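The values are calculated or read from the model by the stated rules, or taken from the named source; none is laboratory data. Being a predicted model, the structure only gives us computed values, none of them experimental. Methodologically, a virtual Cβ is constructed for each residue, glycine included, from the backbone with ideal geometry; neighbour enumeration extends over all protein chains shown.
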Amino acid sequence: MKRRQFIKNTVATSTLIGAGGLTLNACSSGSEKHLTILHTNDVHSHIDAFPKDHADFPGLGGLARRAGLVQKIREENPNTLLFDAGDIFQGTPYFNFYGGELEFKLMSKLKYDAATIGNHDFDNGIDGLLAQMPHAQFDFLIANYDFTNTVMDGQTKPYKTYIKDGIKVGVYGLGIQLAGLVTQKLYKETEYLDPYEIARDIETQLKETENCDLIVCLSHMGYSYENENRTDDLTLGKKTKHTDLIIGGHTHTFLERPTIVTNANDREVLVNQVGCFGVNLGRIDFYFDANGATSNGVSISV
């Protein structure tokens with residue numbers, strides 16, 4: 001299948017999910033192929049739902065509820081991918097007690113396809129992260145962390161491709177600068193590589209060598225910063241040429257709809273992030289036909 005021109009026609013809504021959950025009906029566009037991408041970020045070890053009297057997220061969140069929603073969406077559309085944009089660890093006693101084992105095991109039960117690595121995923125050190133890797137039945141994608149001289153060498157991939165209903169999807173991961181954010185004794189000899197340069201290299205490979213129809217970045221760099229010297233997702237979208245969707249994390253940014261930026265090839269890129277603590281599940285539906293692709297972006301409160 002030749003790479004299709006990515007035509008943006010993005011619509012986003014926000015739907016509140018009660019304890020019983022909700023099945024979202026796919027938008028009908030008469031397209032030949034339908035791909036659904038679900039995503040989370042900065043869950044921070046929040047396994048349980050928030051109390052009903054919580055000031056910010058009353059009764060929201062909870063992995064059990066998310067699992068039910070993901071299952072219903074997969075029944076609706078088997079051509080579904082589920083990703084996480086990092087900071088899986090740290091935030092509740094579950095992490096303090098189990099060190100990340102529970103988080104990885106439960107994500108595996110939900111059949112996540114891939115995740116990238118956030119700065120808090122180093123909170124038990126790089127050895128602590130390695131110790132939990134056997135519990136993860138999904139891929140870790142990170143292209144700009146060089147783990148060559150660490151115990152994590154060989155545990156991650158820069159990118160991976162997926163085929164759903166004949167649509168080839170290339171997914172790569174990017175992480176935030178660890179120096180100044182994480183104590184070096186935790187990440188040790190992990191080498192940070194320029195994410196913009198790495199992104200352009202990887203996306204070119206995914207487009208020209210892998211012949212992907214859709215290219216997705218899982219980023220834990222942050223949505224946007226006033227400091228122009230900090231790397232962020234909006235700037236990444238502007239500097240890349242072939243990436244279609246950036247799924248972000250780190251800044252806990254609640255977006256009602258995906259942001260659209262224009263890339264270096266004068267094409268539009270979707271940038272999305274769904275807050276934190278598992279209270280939202282991101283959903284973006286792509287519809288492919290001979291004329292191109294359209295997308296519907298949905299933010300769901302779990």
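Considering (1) of a type in the set (S, T, N, Q); (2) under 18 Å from THR80 (Cβ atoms); (3) surrounded by fewer than 24 Cβ atoms within 10 Å (Cβ to Cβ); (4) modelled with pLDDT of 95 or more, the lone condition that ASN272 does not fulfil carries the number (3).
Restricting the stretch 183-232 to residues that are basic (Lys, Arg) and part of a helix (DSSP H, G or I), the residue that is farthest from ILE163 (Cα to Cα) is LYS185. For the stretch 53-77, the set of residues classified as surrounded by fewer than 14 Cβ atoms within 10 Å (Cβ to Cβ) and either touching a strand residue (DSSP E or B) at 6+ places or on another chain (Cβ under 8 Å) or of a type in the set (D, E, K, R) (or both) consists of ASP53, ASP56, LYS72, GLU75, listed by residue number.
Any residue at all in the stretch 80-92 that is aromatic (Phe, Trp, Tyr), in contact with a strand residue (DSSP E or B) (Cβ under 6 Å, 6 or more places away or on another chain) and under 22 Å from ILE300 (Cα atoms)? The answer is yes, given that some residue of the stretch 80-92 is aromatic (Phe, Trp, Tyr), in contact with a strand residue (DSSP E or B) (Cβ under 6 Å, 6 or more places away or on another chain) and under 22 Å from ILE300 (Cα atoms).
Could you please let me know if GLU256 is of a type outside the set (Gly, Ala, Ser), over 15 Å from the mean Cα position of the chain (by Cα) and closer than 23 Å to ASP56 by Cβ? Before you say what the answer is, go through the steps one by one.
Details: of a type outside the set (Gly, Ala, Ser): yes; over 15 Å from the mean Cα position of the chain (by Cα): yes; closer than 23 Å to ASP56 by Cβ: yes.
So GLU256 fits the description; yes.
Only a single item in (1) surrounded by fewer than 21 Cβ atoms within 10 Å (Cβ to Cβ); (2) farther than 20 Å from GLY86 by Cβ; (3) touching a Lys or Arg at 6+ places or on another chain (Cβ under 6 Å) is not met by ARG257, and it is number (3). Look at (1) surrounded by 21 or more Cβ atoms within 10 Å (Cβ to Cβ); (2) within 15 Å of the chain's Cα centre (by Cα); (3) of a type in the set (D, E, K, R); (4) not in a loop (DSSP other than H, G, I, E, B) and you find that LYS160 fails only one, number (1).
When the stretch 233-254 is filtered for residues that are surrounded by fewer than 23 Cβ atoms within 10 Å (Cβ to Cβ) and over 12 Å from VAL274 (Cβ atoms), the ones remaining, listed by number, are LEU234, THR235, LYS238, LYS239, LYS241. Within the stretch 91-122, being in contact with a Gly (Cβ under 9 Å, 6 or more places away or on another chain) and either modelled with pLDDT under 95 or in a loop (DSSP other than H, G, I, E, B) (or both) holds for GLY99, GLY100, THR116, ILE117, GLY118.
Consider the stretch 163-182. How many of its residues are under 25 Å from ASN79 (Cβ atoms) and either assigned to a loop (DSSP other than H, G, I, E, B) or more than 18 Å from the chain's Cα centre (by Cα) (or both)? Of the residues in that region, 3 qualify.
Given LEU174, LEU245, which one is touching a strand residue (DSSP E or B) at 6+ places or on another chain (Cβ under 6 Å), touching a residue at least 12 places away in the same chain (Cβ under 8 Å), of a type outside the set (Phe, Trp, Tyr) and farther than 23 Å from THR294 by Cβ? Steps first, answer last, please.
Numbers: LEU245 fails: farther than 23 Å from THR294 by Cβ.
That would be LEU174, the only listed residue that is touching a strand residue (DSSP E or B) at 6+ places or on another chain (Cβ under 6 Å), touching a residue at least 12 places away in the same chain (Cβ under 8 Å), of a type outside the set (Phe, Trp, Tyr) and farther than 23 Å from THR294 by Cβ.
All of (1) of a type in the set (Asp, Glu); (2) at negative phi; (3) assigned to a loop (DSSP other than H, G, I, E, B) hold for ASP266 with one exception: (2).
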